[in-house]
Amino acid sequence: MVHPLSNPLRSVGDRRLPRVPDPCALVVFGVTGDLAKKKLIPAVYDLANRGLLPAGFVLLGFARRDWGDGDFETLARAAAQKGARTEFRESTWSRLAESIKFLPGSFDDDHAFDTLAETLRDLDNTQGTQGNAAFYLSIPPAAFPTVLKQMQRTGMADDRESGGWRRVVVEKPFGHDLPSSKELNDLVDDVFTARDVFRIDHYLGKETVQNLLALRFANTLFEPIWNSHHVDSVQITMAEDVGIGGRAGFYEGTGAARDVLQNHLLQLLALTAMEEPVGFDAESLRTEKRKVLGALKPPRDLAAYAVRGQYDQGWLAGERVKAYRAEEGVSSESRTETYAAVRLEVETRRWAGVPFYLRTGKRLPRRVTEIGVIFHRAPVLPFAKSDTEELGANQLVVRVQPDEGVTLRFGSKVPGTTMEVRDVAMDFQYGEAFTEASPEAYERLLLDVLLGDASLFPRNEEVEESWRVIDPIEHFWAEQNDAGNAPHLYRAGEWGPKAAVDMLARDGRVWRRP
């Protein structure tokens, strides 16, 4: 069975046939950065290896390096060999390498952007790109205004002038609060039309995230119980076992809530709680997600239901790891949170009274992202209390990463002469059920950009609604800093601070252990 959000279609008659984009150029600003090397270039190679790039395709890198096409090809080849999901083939690479180009320049260099505009016009004749181009802003958000204004000045963003389509891909973070998000959205929409702006959240490109919609809307089993009558609570976790690496400069000004909670986790919440859309087109999906985000309310008691933490030194995977404040580039008095947990409610008829618990953190015991739907406990009236001592609540867990799949936990009788019931699990794993490996998230999302399919990309209203939820939490934590209250410490290798455990205990609940 093919999921409605799988690759765009070549024909209405057969929904399994992928469609190849129109001839086009993909321009990557900041192409020498980690994102381009680890994700974007390998994704481009994988698309080429699967035959999903058009004959008239060009990968055009732009960065502040004194390089030529050959230097960039060497970097791109190494990136593809190291990061590609599919097998590296010389035949595929030789065809792709013919269409790899590089332009040096800084973002405030008018001449460099004039050259870029002229190069795109030349590619129409030499490569047959037909005036089509997608611009990927793999750059710090502070550089967005400069680059966008340069594109506007040179006419690169004008699809009427180019004779083809022009699209822009914007990486998170989409601002650092609601006012800055609105300012960024206004700037982008002033240069590009709204339909040509793709705000990328790579979590939405993951197969298991999209399967959440298939799970709910393609089966009669789950949707009737997907409401407050049957669901006790929902827990969404994104845990990382790594620290901040070399990202101290970024992380000190961002923190866990802005880095993960505002985008990844709220998008997962929206997909979990949304009503059934009238179709799986971009507009229908975005409309339903926005309704959920608009119905979200920040915790009324922020002190009790918005917990922040910071990892201290500890042991993880048998190794001693240092505290966040001891990381290179981090202040010894830093109050940046590396862990955030909040309790939110979706104030709709379907979800009235159901708490959504979200948590994210670094230096936790293992890397895992999952959505846990915990159902009300059964009355178990026919059973003696001793028969059900080891029986918990039914749970449906969607594992987003790393071992993608779905687990259903329910009660079953233990073999023997007595009526003893305990929890068991039925487990579905993508790797075992399907012979074809799932595309990497950036692979799918890049293809959607080139096809103009915006189904998996949040629009600006969604982003602004997310900031409306997060801003009061950030303001409260800023007040706590001013009052001299630091984030709760937790040892590396633990599942966060005790205050997060207390947050659920206050409601008579516990965090599930991934």
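The values are calculated or read from the model by the stated rules, or taken from the named source; none is laboratory data. What you see is a predicted model; the values in this text were computed from it and never measured. With ideal geometry, Cβ positions are generated from the backbone for all residues, glycine too; neighbour counts draw on all protein chains shown.
In segment 473-509, which residue that is outside any loop (DSSP other than H, G, I, E, B) and in contact with an Asp or Glu (Cβ under 6 Å, 6 or more places away or on another chain) is nearest to GLU333 (Cα to Cα)?
Filtering segment 473-509 down to residues outside any loop (DSSP other than H, G, I, E, B) leaves 473-482, 488-491, 498-505.
Retained after the next criterion (residues that are in contact with an Asp or Glu (Cβ under 6 Å, 6 or more places away or on another chain)): 489, 491.
Values: LEU489: 13, ARG491: 17 Å.
So, considering only residues that are outside any loop (DSSP other than H, G, I, E, B) and in contact with an Asp or Glu (Cβ under 6 Å, 6 or more places away or on another chain), the one nearest to GLU333 (Cα to Cα) is LEU489.
Cβ separations smaller than 7 Å between residues 6+ apart or across chains give the following pairs from segment 417-440 residues that are in contact (Cβ under 8 Å) with a residue 24 or more places away in the chain to residues that are among the aromatic types (Phe, Trp, Tyr): MET419/PHE383; VAL421/PHE383; SER438/TYR430. Scan segment 402-449 for residues that are surrounded by fewer than 15 Cβ atoms within 10 Å (Cβ to Cβ), more than 17 Å from the chain's Cα centre (by Cα) and of a type in the set (D, E, K, R) and the total you get is 6. Does PRO145 count as touching a helix residue (DSSP H, G or I) at 6+ places or on another chain (Cβ under 7 Å) and either free of Cβ contacts under 8 Å to residues at least 60 places away in the same chain or in the same structural domain as LEU35 (by TED's automatic domain parsing) (or both)? Spelling it out, PRO145 is indeed touching a helix residue (DSSP H, G or I) at 6+ places or on another chain (Cβ under 7 Å) and either free of Cβ contacts under 8 Å to residues at least 60 places away in the same chain or in the same structural domain as LEU35 (by TED's automatic domain parsing) (or both). Applying the condition of being in contact with an Asp or Glu (Cβ under 9 Å, 6 or more places away or on another chain) and of a type in the set (S, T, N, Q) to segment 438-472 and asking which residue is modelled with the lowest pLDDT yields SER438. Checked against (1) surrounded by fewer than 15 Cβ atoms within 10 Å (Cβ to Cβ); (2) under 30 Å from THR86 (Cα atoms); (3) not charged (D, E, K, R), ALA505 meets all criteria but (2).
Residue-by-condition table, conditions (1) out of contact with any Leu (no Cβ under 6 Å at 6 or more places or on another chain); (2) surrounded by 22 or more Cβ atoms within 10 Å (Cβ to Cβ):
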| residue | (1), (2) |
| --- | --- |
| LEU451 | yes, no |
| ALA454 | yes, yes |
| ASN460 | yes, no |
| SER466 | no, yes |
| ASP471 | no, no |
| HIS475 | yes, no |
| ALA478 | yes, no |
| PRO487 | yes, yes |
| ARG491 | yes, no |
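Return yes when VAL398 is β-branched (Val, Ile, Thr) and in a strand (DSSP E or B) and no when it is not. The answer is yes for VAL398. Looking only at residues of segment 25-49 that are in a loop (DSSP other than H, G, I, E, B) and in contact (Cβ under 8 Å) with a residue 60 or more places away in the chain, we find that the one that is farthest from GLU436 (Cα to Cα) is GLY30.
Taken over segment 79-97, the criterion of being without any contact (Cβ under 8 Å) to a residue 40 or more places away in the chain and either of a type in the set (Ser, Thr, Tyr) or surrounded by 12 or more Cβ atoms within 10 Å (Cβ to Cβ) (or both) is satisfied by ALA80, GLN81, SER91, SER94, ALA97.
Considering only residues in segment 222-268 that are modelled with pLDDT under 90 and of a type in the set (A, V, I, L, M), the one that is surrounded by the fewest Cβ atoms within 10 Å (Cβ to Cβ) turns out to be ALA248.
Within segment 29-76, restricting attention to residues that are crowded, with 18+ Cβ neighbours inside 10 Å and of a type in the set (D, E, K, R), the residue that is nearest to THR115 (Cα to Cα) is GLU73. SER412 falls short on exactly one of the conditions (1) over 24 Å from PRO365 (Cα atoms); (2) in contact with a helix residue (DSSP H, G or I) (Cβ under 9 Å, 6 or more places away or on another chain), and that condition is (2).
Which is of a type in the set (Lys, Arg), closer than 23 Å to GLU283 by Cα and in the same structural domain as PRO379 (by TED's automatic domain parsing), of ARG195, ARG216, ARG166, ARG258?
On the way: ARG195 fails: in the same structural domain as PRO379 (by TED's automatic domain parsing); ARG166 fails: in the same structural domain as PRO379 (by TED's automatic domain parsing); ARG258 fails: closer than 23 Å to GLU283 by Cα.
Result: ARG216 is the single residue among ARG195, ARG216, ARG166, ARG258 that is of a type in the set (Lys, Arg), closer than 23 Å to GLU283 by Cα and in the same structural domain as PRO379 (by TED's automatic domain parsing).
Scanning segment 401-443 for residues that are of a type in the set (Val, Ile, Thr) and part of a loop (DSSP other than H, G, I, E, B), which turns out nearest to ALA84 (Cα to Cα)? So, considering only residues that are of a type in the set (Val, Ile, Thr) and part of a loop (DSSP other than H, G, I, E, B), the one nearest to ALA84 (Cα to Cα) is THR435. What is the residue count in segment 1-29 for residues that are under 23 Å from the mean Cα position of the chain (by Cα) and at pLDDT below 90? Number of matching residues: 7. The sole residue among ARG512, ARG459 that is in contact with a strand residue (DSSP E or B) (Cβ under 8 Å, 6 or more places away or on another chain), farther than 21 Å from SER334 by Cα and outside the structural domain of PRO298 (by TED's automatic domain parsing) is ARG512.
With the condition being surrounded by 16 or more Cβ atoms within 10 Å (Cβ to Cβ) and in contact (Cβ under 8 Å) with a residue 40 or more places away in the chain, I'd like the strands (runs of 3 or more DSSP E) fully within segment 269-358 carrying at least 3 qualifying residues. Reasoning before the result, please.
Numbers: elements: 306-312, 314-316, 319-321, 339-346.
The strands (runs of 3 or more DSSP E) meeting that bar are 306-312, 339-346.
On the stretch given as segment 51-78, residues that are more than 28 Å from the chain's Cα centre (by Cα) and in contact (Cβ under 8 Å) with a residue 60 or more places away in the chain total 2. Residues of segment 271-284 that are over 11 Å from LEU213 (Cα atoms) and touching a helix residue (DSSP H, G or I) at 6+ places or on another chain (Cβ under 6 Å): VAL278 alone.
Screening GLY249 on (1) in a loop (DSSP other than H, G, I, E, B); (2) closer than 28 Å to THR32 by Cβ shows it passes everything except condition (1). As a summary of the residue check, TRP495 satisfies the conditions (1) farther than 30 Å from ARG320 by Cβ; (2) under 24 Å from the mean Cα position of the chain (by Cα) except for the one numbered (1).
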